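Just so it is clear, none of the values below were taken in a lab; they were calculated from the coordinates. Everything numeric here is computed off the predicted structure, so don't read it as measured data. Cβ sites come from the backbone with ideal geometry, for glycine too, and all protein chains shown count toward neighbours.
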């Protein structure tokens, strides 16, 4: 389970062992800092890319990225991990993707960041 700890600003993300975020794009430049545990980020520099890149982010690691960055972050450790992620401009939406190997990525839904219970799929914005 991935938990957003809303008591902190910027919010801290708690990652239980072997938990993945799923392929996501935040349409803003940002950075992730690991403050506990270890994460592995698999990423592509944009939605048209098909070549995966991977980096391990240990305690104290900071990784910056641009607005077209699409990644899947996984807690690769045996204990929980904690990260802080910041974005500029502030996130309004996040788009989630399915990865299809050499065919690349396919957008499957978009969520409003302030209202995670409302998502956008191929039929439009819907409450879940």
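First check a/c for the stretch 2-91, with a ≥ b ≥ c the square roots of the eigenvalues of its C-alpha gyration tensor; if it is under 1.5, answer rounded, and if not, answer prolate when a/b is larger than b/c or oblate otherwise.
In terms of gyration-tensor shape, oblate.
Which length gain, in nm to one decimal place, applies between residue 62 and residue 40 when the Cα-Cα distance is subtracted from 0.36 nm times their residue separation?
Using 0.36 nm per residue and subtracting the Cα-Cα distance, I get 6.7 nm.
So, by mean Cβ neighbours within 10 angstrom, what's the order for 33-41, 81-89, 49-57 with the highest one leading?
Listed from highest to lowest mean packing, they are 33-41, 81-89, 49-57.
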